1. Would you mind counting up the charge near V130? Only other residues with Cβ under 10 Å from its Cβ, with Lys and Arg at +1 and Asp and Glu at -1.
2. Helices from the chain with mean Kyte-Doolittle at least 1.6 and a Cα length along the axis of 20 Å or more, per DSSP H: which?
3. Under a plain spin-label model, where a point goes 7 Å from the Cα along Cα-to-Cβ, how far apart in nm are D185 and T296?
4. I'd like the FRET efficiency for E62 and S149, computed as 1/(1 + (r/R0)^6) with the beta carbon distance as r and R0 of 25 Å, rounded to 0.05.
5. Using the alpha-carbon centroid of each, what span in Å lies between region 203-263 and region 168-186?
6. In terms of modelled amide H atoms, which long-range or inter-chain residues lie less than 5 Å from the amide H of M193?
7. Using a 10 Å cut-off around each Cβ, can you sort F139, F116, F367, F34 from fewest to most neighbouring Cβ atoms?
8. Distance in nm between label sites at E346 and R380, each 7 Å beyond Cα in the beta-carbon direction?
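Please treat every number below as a calculation from the coordinates, not as lab data. Just so we're clear, the structure is a prediction, and the values are computed from it rather than from any experiment. Counting neighbours? That spans all protein chains shown, and the Cβs are built from the backbone with ideal geometry, glycine included.
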Amino acid sequence: MSDDVVAPVDTAAPATHEPPARDITDGGPEMVQFLDAEGNRVPVTEANSAYAEFIQDVDGEELRALYRDLVLVRRVDAEGHALQRQGELGLWPSLLGQEAAQVGAGRAMRAQDYAFPGYREHGVAWCKGVDPVNLLGMFRGVNHGGWDSNENNFHLYTIVIGNQMLHAAGYALGVQKDGLVGSGDADRDTAVMAFTGDGGTAQGDYNEALVFASVAHSPVVFFVQNNHWAISEPNEKQFVIPPYQRARGFGIPGVRVDGNDVLATLAVTRAALDRARSGQGPTLIEAFTYRMGAHTTSDDPTKYRIAAEVDIWKKKDPIDRLRKHLVAQGLADDEWLAELEAEADELALRIRTACQQMPNPPHEDMFENVYVDPHPLVERERDEFVAYQASFEED
């Protein structure tokens, strides 16, 4: 990145949300990209040249594996949305359109790397080996998260916007204090990743975490999925300087990557994680992408954005992009694609059936895990609640 003073970028659509005069899908000349919207390999540029080495080992089989991830993650997301609409889940935050950003980042992580998600990182959860059934259980309200964070090095979802950034900064400092950085041992050196959206960058927790991590020089990668909408607020209501350029103010490198290009995201994230593990400190990645669905199933995006904007971004769909590339390279044919769709159907059936068959926990379980140690007030309230429930006649 240049040391010149950074001028504010053009703002996006005006408050009237008329179709923007410029291409809102253009991330600018500094955006790292390896596959364009038509699935063509992008030639070496000043922006991507430093990252090409990080995907030199990606062969046809790994490209197919990445495509499989994208398809299955999208299917999990579609099932979550459908289950909520059918009354099986209380809420579902869709990642539609952000699959490449999450799969690219997730597959860049090693087993020992620890991820701190927000609440939309279903793709990262998939890559870290968390069963999608556990995600559904949390949004069904039948457990307290549904997975052991330390089993997959994937923290529980964080509903409080930006809170996970501080968790990640603190955990990364612990990794540093434990001496798990800079040894040169690929199976030992550890990095931490924190995920948030563009709306999260306006939170105090986010900014405090970047200050803390930069000063401590801790091994953490901050991954901002700029999907252009913080619920109903567009980018221009969140910042003037884009996230990757704001990294300079914290004294750490910042890079913008095409978040709809799984190869570019994989390369950039690998580079940042290698940097963190080797003891060179934090990096901020801005994945330039788009939320094609609603913020959550309780949101109606038609009230604040126009369909034309969504249509523009659909032309840069991350799954279509990689499929075009695979087909053009002779790495995927109709038979293979059909087999993958059949696998997606089987996955959907499994998680749907498991979700619908989840037993409801006893009502009194809500009083558990409130405090670490027994608490007399909570115990008294629990006993009163149990007695109240027992007072009803059974059907």
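1. Summing Lys and Arg as +1 and Asp and Glu as -1 gives -3.
2. none
3. With each label point 7 Å from Cα toward Cβ, the separation is 4.2 nm.
4. 0.35
5. For region 203-263 versus region 168-186, the Cα centre distance is 21 Å.
6. Residues meeting the amide H criterion: Y114, A115, F116, V221.
7. By the 10 Å Cβ count, ascending, the order reads F367, F139, F34, F116.
8. Here the answer is 5.7 nm between the modelled labels.
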